[in-house]
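Report on one structure; see the data block that follows.
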Amino acid sequence: MKWLLSISAVLYLLTFALDNRVAEPVLITFYAAAMILSGYTTFLRGLRNLTKFKFNMDTLMTVALVGAVFIGEWREATLVAILFGLNEMLEGYGMNRARQSMEALLAAAPKEAELIRDGQAVRVPIASLSPGDIVRVRPGEKIPSDGIISQGTGAVNEAAITGESVPVTKREGDLVFGGSVSSDGLLNVEITKAYEDSSLAKIMHLVQEAQDSKTPTELFIDKFAKYYTPAIMVIALIVTLVPPLLFGQPWMTWVYQGLSILIVGCPCSLVLSSPIALVSGMTRAARNGILVKGGVHLEQLGRLQAIAFDKTGTLTRGEPAVYEEIVYNEDRFYGVIGALEQSSLHPLAKAVMKHLAAKQPEQSFEEPLQPAVLPGEGVRAEVGGTLYWVGSEEVLRHIQGAGTAQLDQVRKDIGRLKEQGYTIIVAASERSVLGLFGLADEIRTETPGVIRELHEAGITNTIMLTGDHAQSAASIAKQAGVSGYFAGLLPEEKVAKIKELAHQQKTGMVGDGINDAPALAAADLGIAMGKGTDSAIETADIVLMQDHLGKLPNAIRTARKVNRIIRWNIGISLSLKAIALLLTIPGWLTLWIAIISDMGATILVTLLGLTILLGKDKPAVTA
């Protein structure tokens, strides 16, 4: 295309040098050649449209070119053809630039893998890999598909999937994603999914679907252009006929004006107002590990006023942690509770052991004798010849020799901890209470910063939804900094609450994509997190491929910028056309002005759309 345009431009410039030196038929030959080389595709499409009574920009330009030639304006007709060809090339460049950025982002899939077969390593196409195959990934190579490390340790760069630029250390048993890169370790990976089922393949498929889908704004523009283009042709016809027929004006002057109106009315820039901005926005989001499943969802993200969050696994880690301890017998408390909990797989026991390891890293614990699990209470075992209980406050009933004063104080302390929403663990012997731990779901370190950034990004209402009791919910809500919370909700009550919120204002729902599917579907926009889990990708409209909320505020800023630029583009496109059309009133509109206004609007909307790819996001909130 660019070579044909270049030849056309050279031929057109030659006509200036040959003017008044050669016969007019020679000049017309140069004009016709330049016009055909630069505009034949438009002309052919326009002729086909005319035979089908289909009116679009190609139809307008074809009629304008034929009309200009008919009235003998060869020079201006040729310039119109060349500039419109340049216009089309710029449009293609704008869309291709945005799409190429996305394709480069997703060009993470390796073509081959080193398969371990009968102890030998052989290179095979990744399409031939099956679940259970073992592949070897050397430092600097890409992991061919989702799998689990069966041997080796090393840092893995998961930027292609999660947008996180800092490599993550992976060990045996850890999950790895296809398309991520082994930075420094030799890894053997057991493939768990064929490539077409991997996270990367699903992302690429969804991105392609997203590029083909149309937003309400684009659908409106398409519908508007469907009526707008015939209307422009009618206006051009009126301008051409009325002044000569009713007011005795020169025919050639008003035919020229009518042709200029056809060019001004070409909806190139209007049609481009939205798609370049949307593809650029989705590309920028994908760079940050945020998968937007379509332009419509990006538009919605930019319009959100409220966001509701599931608590467990979203605002919190979904893992309990010790927040408060009350020690009555420091000599025995830590040793006893560590001895009884060290072998337990219960989440609360793991939280206690993590707390003890941080408090006294070098401490070791005795092996308890005759351990027994007491349903609804906890565990019982003998340590150092004494029987101990560790568990809920129910273990207090086993205490026989403790004084009333101590038990009253213990119950008072338990009541205070429960008022703060803590789960209680008690360590006691038959004669006394050794101490208490208050545990709660651990809030993510980035959560308060993310909520603050969301408010700064224009989200007016942040709400936490949880099935936990009110005291625990109040504690987490206060730490997170959300605007409000609703506690004690069953799954169906969460859906009802989301519908109620969505009725009041544009509301998004953020959850883990596994058990929050009904609420995600009920919201105006469903946002799932979970580091690329299948359920997250399939459930929500937008997927945060990282396992945290840190980049959500940047995604909202990008979406708002996209919506803002689309509005600007539509305004610029229509304004330039309106100004050019007003020039027909005094008869000042020329083909030169018409094509420059149309091309100028196209260049502006293209450049504005591509600015979304430029600049840097604010650092993601991490703590």
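Among the residues of segment 298-306, is any open to solvent by 10 Å² or more (accessible area, probe 1.4 Å) and among the aliphatic types (A, V, I, L, M)?
Among the residues of segment 298-306, not one is open to solvent by 10 Å² or more (accessible area, probe 1.4 Å) and among the aliphatic types (A, V, I, L, M), which makes the answer no.
Just give me the residues in segment 596-623 being part of a loop (DSSP other than H, G, I, E, B) and at negative phi, in sequence order.
Selection gives LEU614, LYS616, ASP617, LYS618, PRO619, ALA620, VAL621, THR622, ALA623.
Right, LEU434: over 27 Å from SER475 (Cβ atoms) and of a type in the set (A, V, I, L, M, F, W, C) or not?
No, not satisfied.
In this structure, does GLU325 turn out to be open to solvent by 20 Å² or more (accessible area, probe 1.4 Å), in contact with a Pro (Cβ under 7 Å, 6 or more places away or on another chain), in contact (Cβ under 8 Å) with a residue 60 or more places away in the chain and not aliphatic (A, V, I, L, M)?
For GLU325, the condition - open to solvent by 20 Å² or more (accessible area, probe 1.4 Å), in contact with a Pro (Cβ under 7 Å, 6 or more places away or on another chain), in contact (Cβ under 8 Å) with a residue 60 or more places away in the chain and not aliphatic (A, V, I, L, M) - is not met.
Go through the residues of segment 33-54 one by one and say whether even a single one is within 24 Å of THR240 (Cα to Cα), open to solvent by 60 Å² or more (accessible area, probe 1.4 Å), at pLDDT below 75 and not in a helix (DSSP H, G or I).
yes
Looking at segment 124-147, I want the residues that are in contact (Cβ under 8 Å) with a residue 24 or more places away in the chain and surrounded by fewer than 20 Cβ atoms within 10 Å (Cβ to Cβ) and have a partner that is assigned to a loop (DSSP other than H, G, I, E, B) and of a type in the set (D, E, K, R) with Cβ atoms under 9 Å, at least 6 apart or on another chain. Which pairs are those?
Hits for this filter: PRO131/LYS193; PRO139/ASP184; GLY140/ASP184.
For segment 293-379, which fully contained helices (runs of 4 or more DSSP H) count at least 1 residues that are touching a Leu at 6+ places or on another chain (Cβ under 6 Å) and within 30 Å of GLY458 (Cα to Cα)?
In segment 293-379, 295-303 are the helices (runs of 4 or more DSSP H) which contain 1 or more residues that are touching a Leu at 6+ places or on another chain (Cβ under 6 Å) and within 30 Å of GLY458 (Cα to Cα).
Is it the case, given these coordinates, that ARG75 is assigned to a helix (DSSP H, G or I), over 28 Å from LEU610 (Cβ atoms) and at pLDDT 80 or above?
yes
Give, as residue ranges, the strands (runs of 3 or more DSSP E) completely inside segment 382-489 that count at least 3 residues that are surrounded by 15 or more Cβ atoms within 10 Å (Cβ to Cβ) and in contact with a Leu (Cβ under 8 Å, 6 or more places away or on another chain).
So the answer is 386-391, 423-429, 433-443, 461-465.
Here's a check for you: in segment 589-623, which residue that is more than 15 Å from ALA277 (Cα to Cα) and of a type in the set (Gly, Ala, Ser) is surrounded by the fewest Cβ atoms within 10 Å (Cβ to Cβ)?
Looking at the filtered set, the residue picked out is ALA623.
The values are calculated or read from the model by the stated rules, or taken from the named source; none is laboratory data. Quick caveat: nothing in here was measured; it's all calculated off a predicted structure. Using ideal geometry, Cβ is built from the backbone for each residue, glycine included, and neighbour counts are taken over all protein chains shown. Note: accessible area is taken over every heavy atom of the protein model, side chains too, but ligands, DNA and RNA are not part of it. Shrake-Rupley method; radii C 1.70, N 1.55, O 1.52, S 1.80 Å.
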